[in-house]
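First the structure, in the form of structure tokens, and then the observations on it.
Where a number appears in this text, it was derived from the coordinates with a stated rule and is not lab data. Since we're looking at a predicted model, the values are computed, not measured. All Cβ positions, even for glycine, are placed from backbone atoms using ideal geometry, and neighbour counts span all protein chains on display.
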């Protein structure tokens, strides 16, 4: 993610060299990278590619828009199948470069941000960075708004996942179904069992996005611990294959570790209990300075998150 910025736009080789100098040992291809940029990454080859964030490469489909915005849980089969095909391309790319996993956003319910979540975000900002006590009804409304629309979209997500797991299995690649930022997005913690339970862990597992889980927690929508502990027999964390690491300032995610207020000690305990060998990617936005990245990397090493 950090590499998709103006200074590297036409020089992915330079991005890889800078990443190496900052102390990183591998990269994850981002879904904002074009086919030309990905070819340059492969040609440079100064760092291994250990992950691909689907759908990569970035494409623009006439009448549908950018593929990174398409919905794998769409009720419109045309949109859904285009999204599936582009994720299959990501799986094939991962196999070709020897990447361990493909990150998947499994789609969303409805057409966009729930009105109730928008209200919660406004309340959080007006209350100087916390949810006021009087918004419990708004949280309940969010749950109802989502529940009314969820069933058919979850069925679409299951159809998409069935195709993608078949391709991943043939290709020897693991899919990582990511925690999403917004409440209308799929899956919530208790939806992982229905979606993933029939597949082996080496084919599809859980990709924990630290910032996304934190933002949902701060809005009062999903407790951060639910991703790790829901149910006796099943939790997303038990199928942990990887993480996107970043910090959160208020509701702003994708900032460098150490510049926000995520509890990385608590996170380290969760990783240690579930899969200390999980693949870890710094998913940091383009506005973060090289110094912040380097200091963030040192900090998570001190915390034992990266060994």
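Which of 33, 12, 141 moves most in a GNM of the chain, Cα contacts under 10 Å?
The residue with the greatest mean-square fluctuation here is 141.
Label points 7 Å out from Cα along the Cβ direction at residue 127 and residue 307: separation in nm?
Here the answer is 4.1 nm between the modelled labels.
Just subtract the alpha-carbon distance of residue 201 and residue 162 from 0.36 nm times their residue separation and send over the number in nm, one decimal.
12.6 nm
Would you compute, from DSSP H runs of 4+ residues alone, the mean residue ellipticity of the chain at 222 nm, taking -39500 (n - 2.57) per run and dividing by the full residue count, rounded to the nearest 500? Working shown, then result.
Numbers: 10 runs with 132 residues, N = 307.
Computed ellipticity for the chain at 222 nm equals -13500 deg cm²/dmol.
Using a simple spin-label model with points 7 Å from Cα along the Cα→Cβ vector, what separation in nm is obtained for residue 36 and residue 263?
Between residue 36 and residue 263, the label points sit 4.7 nm apart.
In whole angstrom, note down how far apart the Cα centers of the range 246-281 and the range 56-120 are.
25 Å
Students often check this: by mean Cβ neighbours within 10 Å, which of 267-274, 182-189 ranks highest, and how do the rest follow?
Details: 267-274: 17.0, 182-189: 22.1.
Result, highest mean first: 182-189, 267-274.
For the chain, what log10 I(q)/I(0) values come out of the Debye formula at q = 0.08, 0.13, 0.14, 0.16 1/Å, with one point per alpha carbon and no solvent?
-0.34, -0.95, -1.12, -1.48
How much of the calculated P(r) for the range 34-123 lies past 19 Å, in percent of all Cα pairs?
Values: 1938 of 4005 pairs.
Of the Cα pairs, 48 percent sit more than 19 Å apart.
Would you list 124, 206, 192 from fewest to most Cβ contacts within 10 Å?
Arranged by neighbour count, lowest to highest, 124, 206, 192 become 124, 192, 206.
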